[in-house]
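Colleague: Quick one: the structure is below, and I'll ask about it shortly.
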Amino acid sequence: MMNPESLGSSRCFIKAYQHYINAGIDLAAGSAGGAACVFVGQPLDTLKVKMQTFPHLYRNSFICFRETFIKEGIRGLYAGTVPALVANIAENSVLFCAYGVCQNAVKILVRKENTLELNPLENASAGFFAAFFSSFSLCPTELIKCRLQAMRETCSKESINRAHIGPWVLTKQIFKSDGILGFFRGFGVTVLREMPGYFFFFGGYELSRNLLTPKGKSKDEIGLLRTIIAGGIGGVSFWVAIFPADVIKSRLQISKSNDSTVAVTKELIRKEGFRALYKGLGPTVLRTFPASGALFVAYEYTKQFLNYGLTYIP
């Protein structure tokens, strides 16, 4: 049992390092959210990448699913899960940690006492700036994920034996051929996608939470189902807003050429038209609603659990 001096020290420690503790809680909760998002949404993410990068092979989502399942089975639908898991945990841990920091910065700028007083637009602005930092952790792992998801199609063209290529082998190949900078191919368009995307993501989520909060209750008391709905709306808002940038990013990251973002965009529109910029949106929206719902449920409940645990420290 702790003596009074130890209890007093614990209280002082928490008070002195409250900002760091809050950041750590956001980091842990974001990691849990990222893992939940992958396990729920990975198969449809694979279909999205295949349809974006090989539109001539797949006319619609059903054909893409059927061909992938017949030729590769369940493993094909979960291709790239390891880098996707790493990417989502890395991105969301950094994203939600930075989001908490940016919320505090916005709170100071708008002269409010507490981050709970921020309105949806102010929370959306915090998400916009937080996404810049998460892009650094996302770009390398998402590049590997996209290349693994499109491996069968690219291998069939280049006569490479896919069986011996996994995340680690592919990582070594990229490093050997392109160095560290090779992992940041498409970084500019990733930032272009992430920052406005997370403006709509957090804005849509917080606005939905406000609208779904029963009278007399706080946003933290809306329950599981309403959290899933709010998270799903936030996720759909993200993808509808930035999908063209994601298509271009996917093309850039699996391409073997060194064409610029502008060159890839012009070539895509010239050959396939503007509709190609929204190729794969269907499975993306279908995936993102439950996946984003799972992300926010894991995030909110992990955060509540960890904060609740701190209340037991006198």
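Each reported figure results from applying straightforward, stated rules to the coordinates on display, with no laboratory input. Only a predicted model underlies this, so the values are computations on that prediction, with no experimental measurement involved. Don't worry about glycine lacking a Cβ; one is built from the backbone with ideal geometry, like all the others, and counts go over all protein chains shown.
Colleague: Condition first: surrounded by fewer than 24 Cβ atoms within 10 Å (Cβ to Cβ) and either touching a strand residue (DSSP E or B) at 6+ places or on another chain (Cβ under 8 Å) or without any contact (Cβ under 8 Å) to a residue 24 or more places away in the chain (or both). Now tell me which residues in segment 183-211 satisfy that.
Modeller: Leu211
Colleague: Let me ask something else about it. Looking at the structure I just gave you, is Leu224 assigned to a helix (DSSP H, G or I) and either exposed (fewer than 14 other Cβ atoms within 10 Å of the Cβ) or of a type in the set (Ser, Thr, Tyr) (or both)?
Modeller: yes
Colleague: Among the residues of segment 82-135 satisfying the criterion of being surrounded by 18 or more Cβ atoms within 10 Å (Cβ to Cβ) and among the charged types (D, E, K, R), which is nearest to Asp45 (Cα to Cα)?
Modeller: Only one residue fits best here, namely Glu91.
Colleague: How about segment 93-146: which of its residues are under 18 Å from Lys249 (Cβ atoms) and polar (S, T, N, Q)?
Modeller: Ser134, Ser135, Ser137, Thr141
Colleague: Of all the residues that make up segment 70-92, how many are part of a helix (DSSP H, G or I) and under 21 Å from Leu295 (Cβ atoms)?
Modeller: The qualifying residues number 13.
Colleague: Which of the residues belonging to segment 243-264 are more than 22 Å from Gly197 (Cα to Cα) and in a loop (DSSP other than H, G, I, E, B)?
Modeller: Correct list: Ser255, Lys256, Ser257, Asn258, Asp259.
Colleague: Please work out which residue is farthest from Glu300 (Cα to Cα), limiting yourself to segment 98-135 and to residues that are outside any helix (DSSP H, G or I) and of a type in the set (Lys, Arg).
Modeller: Of everything passing the filter in segment 98-135, Arg111 is farthest from Glu300 (Cα to Cα).
Colleague: For Lys50, indicate whether it is more than 27 Å from Ala131 (Cβ to Cβ) and in contact (Cβ under 8 Å) with a residue 60 or more places away in the chain.
Modeller: No, not satisfied.
So that you can scan it fast, the table gives a plain yes or no per residue for (1) farther than 21 Å from Tyr198 by Cα; (2) in a helix (DSSP H, G or I); (3) in contact (Cβ under 8 Å) with a residue 60 or more places away in the chain:
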residue	(1), (2), (3)
Ala230	no, yes, yes
Trp239	no, yes, no
Lys266	yes, yes, no
Ala294	no, yes, yes
Val297	no, yes, yes
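Colleague: Quick check on segment 39-49. Is at least one of its residues in contact with a Pro (Cβ under 7 Å, 6 or more places away or on another chain) and among the charged types (D, E, K, R)?
Modeller: For segment 39-49, residues in contact with a Pro (Cβ under 7 Å, 6 or more places away or on another chain) and among the charged types (D, E, K, R): present.
For (1) closer than 17 Å to Ser250 by Cβ; (2) in contact with a Cys (Cβ under 9 Å, 6 or more places away or on another chain); (3) crowded, with 17+ Cβ neighbours inside 10 Å, each residue gets a yes or a no:
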{"residue": "Ile269", "(1), (2), (3)": "yes, no, no"}
{"residue": "Pro283", "(1), (2), (3)": "yes, yes, yes"}
{"residue": "Ser292", "(1), (2), (3)": "no, yes, yes"}
{"residue": "Phe305", "(1), (2), (3)": "no, no, no"}
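Colleague: Exactly one of these conditions fails for Ile248: (1) crowded, with 20+ Cβ neighbours inside 10 Å; (2) touching a Lys or Arg at 6+ places or on another chain (Cβ under 7 Å). Give me its number.
Modeller: The number of the failed condition is (2).
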